[in-house]
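In what follows, a single structure is set out as structure tokens and then discussed.
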Amino acid sequence: MYRLNVKKEKQRYVLEELTKEFLRPGEYEVFVEEAVEDSGSGGSENGAGRKKISDEQRRAENEERDAEKRRVFDELAELTGYRPEWGTLTGVRPAKLANELMDSGLSEEETADVFRRRYYVSDEKIGLLMETCRNQKFLTSVPAGRTAGVYIGIPFCPTRCLYCSFASNQASTEAMDRYLEALLKEVKEELEALRAFLDIGEGSIEVDETEDIDWINNWKQYFKQFYVDDILIVPSWEEVKAEDQDKMILHIDPGTAFGTGMHETTQLVIRQLKKYVKEGCELLDVGTGSGILGITALKLGAGHVVGTDLDPCAVPAVQENKEANQIPDKAFDMMIGNIIDDKEVQDQVGYEKYDIVAANILADVLVPLTPVIVHQMKKGAYYITSGILDVKESVVTEAVKNAGLTLVEVTKQGEWVSVTARKD
């Protein structure tokens, strides 16, 4: 049994994910020296007790974090005699970082060298990353041609969220072909990598072109108005019946973001919001999607909501749903970014200012989120989580307790679970 020592809970997620590249569950244990981080004091502060840091300090922190990951990577490689062919340290948003480096004046060669030295990315993967970045820039320069939806997957990002993707509604046939060529190359590489673990047979790939259908809007025929207890949720394209005019009504159109209200996880959180939202309270909605939870809270009497999401599609979805529900702009602020490990997002969101934090995500995301989000919560604030399969319930309740929160209740609907905790 190997032991991974980390100084603070917030380091656990990144370093444990890295450890999983080398060791199987059960072959290692994690020891956290400091289960709940000290919020700090003194100096120029942002919020209650959190120090503001300069861009230079933030860069220094990132350098220190990356150096620590390289150290762990090297030690694990020496210990196990295995060096992952994937060749990257987890937690890197490659295309976003690469484009930022090149926009700051670095050449492709200099950018590639940063990935090679700092993140241990293999030359093969760097080549595909640069091709992806070139395709992104190429697509932005293409005049209106064949209308097409384009999603560019990133060569080695473990999360593959929209943070590292690029979407365009105007792409020429040439641009589509260039993108598909890079994507197919990545898929082939991944298939070959799987051969080390299992028999994949021939490993052939077929490409089909689907019928040109309005996939973005076609699903709407299946989304009809419905109730969550006494709250009526109505698609934006449907009329409210005369007999329902006196009900609490939410007009929701998720667009391409998550959140119609039909899923059990969303309904579990809505029911908890009905219990804990007080007049004028402040709510943080992590993974806000369509904004349905934030809008519900405002309808229930909350004074202000901040929503965060990784998906840029959430921005227009939230804006449209605010307008559909007559929510003033100043009542619901929205930002894109990962609050788990992005200090800039944490600073923008603010510290010790929220009466309720809602997070309808997934158990594997709630675990690293929880020790971070306690700093955004006031004393006495409630933390309402969902997106948890029943088999993962204990994982989340344990994370809540490890973060110093008091477990208040666990509610269930079907195979899904909501865990509510309080910061005492």
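Values in this text are rule-based calculations from the coordinates and carry no lab data. Small disclaimer: the values here were computed from a predicted structure and weren't measured. Cβ atoms come from the backbone with ideal geometry, glycine included; neighbour counts cover every protein chain shown.
Worth pointing out:
- Of 270, 384, 340, the sequence from fewest to most neighbouring Cβ atoms within 10 angstrom is 340, 270, 384.
- Cα pair distances exceeding 18 angstrom across segment 226-339, given as percent: 45
- As a proxy for reagent exposure, ranking 336, 126, 200, 295 by other Cβ atoms within 10 Å from fewest up yields 200, 336, 126, 295.
- Two-site label geometry, residue 344 and residue 3: point separation in nm, points 7 Å out along Cα→Cβ: 3.9
- Links that overshoot a 26 Å alpha carbon limit, given the list 96/378; 330/412; 275/343; 343/423: 96/378; 330/412; 275/343
- Radius of gyration and maximum dimension Dmax of segment 284-404, Cα, Å: 13.9, 40
- In nm, spacing of pseudo-spin labels at residue 57 and residue 124 (7 Å Cα→C-beta vector): 4.3
- Most to least packed among 72-80, 237-245, 296-304 [average Cβ atoms within 10 Å]: 296-304, 72-80, 237-245
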